[in-house]
Amino acid sequence: MAHLRNTGAAGGFGCPCCAPSLSRRQFLCTTAAGAIASSTAVSAIATPALAQQPGRPILIKGGCVLSLDRAVGDFEAADVLVQGKTIAAVRPNIEAPNAEVIDASNTIVLPGFVDTHRHMWQGFLRNVLPDGSLDDYRTVVQRTFGAKMVPDDVYAANLLSALGAIDTGVTCVLDWSHIQNSPEHSDACIKGLADSGVRAVFAYGAGQNETGRVWEIATSKYPGDIARLRRQYFSSDDQLLTLYLAAGGTPEAVQDQFRAARDVGARITIHVGVGEGGRSAFLEKMNAAQALKSDTTYIHCCTLNDTEWKLIKDTGGTISIAGYVETLMGHGNPPTQKAIDMGIRPSLSVDVETSVPNDFFTQMRTVFSLQKNEVWARRLAGDKNPPKFLTVREVLEFATFEGARANGLERKIGTLTPGKDADLILLRTDRLNVMPFNNAVGAVVTSMGPQNVDTVLIAGKVMKREGRLVGVDMARIAKLGREAQERNYKAANVPNKRI
Ligand SMILES: [Zn+2]
């Protein structure tokens, strides 16, 4: 298993056609027989100058370290020792003579961001709907483009979206994948995630068609095919990919989906409280069927009633706020303050790259400014007992640890804690947007952007170094994305124009 990780495959990825000891190169060659593998675009060999040295520990030296673990603490300057896939130590002045050193001076070292909800099958449809509402999204993205997607398309989309996530410091992302028009679509989505090397939660969802009556898709095996997916790809917990079920529909249909998930031990993610349609007391109906448990993440939650909020709290559910898209498309106000009032710490998510940038700096700043605006508005209106203002540290915790919790991975990731997997990022402080560097948490949340993301490690593997993705053939990725985009536009009968 360690060999797999060190050589770059999605560690322990349980593809049945690959023996566990296969190297990444062998993995790619072996699967090249598959219909989708001919388009594999992640190089087997890392860029020589950026490649990590196999088998050696990594010592990240002299960074300003935000562990976000109160027991470990933060440091003006400290080192992080990574052995294999694991964080071995976080403290100043670590001696590790055999280690490969990554110079972290002029950087902040912190846990990678964790996205709890992104529809990655839209990876080559970025910016297709910058001015659209939720209704437009359903018509254009789901029923026009999504309805025509073939497995090769979703492979390319997932790979693009995953590499984009890594590039911006998102080391773990939940792929909310409601494009499962056939089992082959599922295979392709999972392969796209695996080939990227990102840590991902594959949330297996329904399909897309022109009518929106997705249960009529004859080739879809949703939700029953989740049993095959569990056996074929997710039989181990010691891998970068985790299985969830993405639920949706009537209360009766969703109860069946929840059962299918729980039968195979998969956690669940579901959109609730979205716009006017979210005022149907859906969670009260689900609760009447005793279907609500702590294994579920509730997305958006903008228009839930108070009883529903209490049900989430009482059953131990987690939530995901996609603040930026919620302000754009008519979901309702991002419920950050409501969640805090209820004693629920939210996670954050990008949701749709068709309307939203793929980075987490945008997500953090959106919920931060909206929560503060809400408190200011109450104070200005004469409220004598307004809520507390959110702090930048709380927002950073939403973007990391709370994401890990909602993705069911808090024991593995989300803080820089010895024993956890080494999913971490180095953000440059010697850039014009933050220099001269002073307040670390303030710099990350207030001023930084993707241009500050210098280095990214996932399970101890260096995915990005010196501002460049490692082992990614960008020309091939661009070609793969363009071909899939043109194929999908043509199938959807939409002219592919830039102006
Ligand atoms: Zn969504």
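No lab work stands behind these numbers, since they all come straight from the coordinates. Just so you know, these numbers come straight off a predicted model, no measurement behind them. Note that we place each Cβ from the backbone using ideal geometry, even for glycine, and neighbour counts take in every protein chain shown.
Pairs of lysine in the stretch 338-451 with Cα under 23 Å and at least 8 positions apart or on different chains: total?
6
Run a plain Debye calculation on the stretch 69-206 (Cα atoms as equal point scatterers, no solvent) and give log10 I(q)/I(0) at q = 0.10, 0.11, 0.19, 0.20 Å⁻¹, rounded to two decimals, same order as the q list.
The Debye formula, applied to the Cα set alone, gives -0.47, -0.54, -1.04, -1.12.
Considering amide H positions built from the backbone, and no H for Pro or chain starts, which residues 5 or more places from G84, or on another chain, come under 5 Å of its amide H?
Here the answer is I58, since their amide H atoms fall under 5 Å of that of G84.
On average over all directions, what projected area in square nanometres does the stretch 458-499 have, based on the convex hull of its Cα atoms?
If you wrap the Cα atoms of the stretch 458-499 in a convex hull and average its projections, you get 4.8 nm².
Find out how many positive minus negative residues lie around N358, taking Lys and Arg as positive, Asp and Glu as negative, among other residues whose Cβ is under 10 Å from that of N358. Mind showing how you got there, number by number?
Details: positive: R118, R126; negative: D115, D167, E353, D359.
Neighbour charge sum, excluding N358 itself: -2.
Tell me, in nm to one decimal, what length is gained between S236 and T327 on full extension, where the rule is 0.36 nm per residue of separation less the Cα-Cα distance?
Result for the pair: 28.9 nm of gain on full extension.
Please report the Cα spread of the stretch 327-484 along all three principal axes, rounded to whole Å, starting with the longest.
Each principal axis gives a Cα extent; for the stretch 327-484 these are 57, 41, 37 Å.
What does the extension gain come out to for R468 and T446, with contour length at 0.36 nm per residue minus their alpha carbon separation?
Working: separation 22, 0.36 × 22 = 7.92 nm, distance 2.35 nm.
Result: 5.6 nm gained on full extension.
Identify the trypsin sites (Lys or Arg not before Pro) of the stretch 173-253 meeting these criteria: DSSP loop state and at most 15 other C-beta atoms within 10 Å of the C-beta.
Passing both the DSSP loop test and the Cβ count: R213.
Run the simple label-point estimate for E486 and L380 please: 7 Å along Cα→C-beta, distance reported in nm.
5.1
Taking 2.2 N^0.38 Å as the expected size of a compact globular protein, what ratio does the Cα radius of gyration of the chain give against it, to two decimals?
Working: Rg = 21.7 Å, N = 499, 2.2 N^0.38 = 23.3 Å.
The reported ratio for this selection is 0.93.
Classify the stretch 244-288 as rounded, prolate or oblate, taking a ≥ b ≥ c as the square roots of the eigenvalues of its Cα gyration tensor: rounded when a/c is under 1.5, otherwise prolate if a/b is larger than b/c and oblate if not. Could you put the intermediate results ahead of the total?
Values: a/c = 2.63, a/b = 1.80, b/c = 1.46.
Prolate, because a/c is 1.5 or more and a/b exceeds b/c.
Determine the dipole magnitude for the chain: charges of +1 sit on the beta-carbon of Lys and Arg, -1 on that of Asp and Glu, nothing else is charged, the reference point is the Cα centre, and the result goes in debye to the nearest 20. Write down the numbers at each step before the final one.
Details: 54 positive and 51 negative charges, 68 e Å.
The dipole magnitude comes to about 320 debye.
Please find the FRET efficiency linking A253 to D103, where r is the Cβ-Cβ separation and R0 is fixed at 45 Å, and quote it to the nearest 0.05.
0.25
Express in whole angstrom the spacing between the alpha-carbon centres of the stretch 330-354 and the stretch 226-298.
Centre-to-centre (Cα) distance: 19 Å.
Using 0.36 nm per residue of separation minus the Cα-Cα distance, give me the extension gain between A281 and N493 in nm, one decimal.
My answer for the length gained is 72.5 nm.
Could you tell me which of rounded, prolate or oblate describes the stretch 285-387, using a ≥ b ≥ c as the square roots of the eigenvalues of the alpha-carbon gyration tensor, with rounded for a/c under 1.5 and, failing that, prolate when a/b is larger than b/c and oblate otherwise?
In terms of gyration-tensor shape, oblate.
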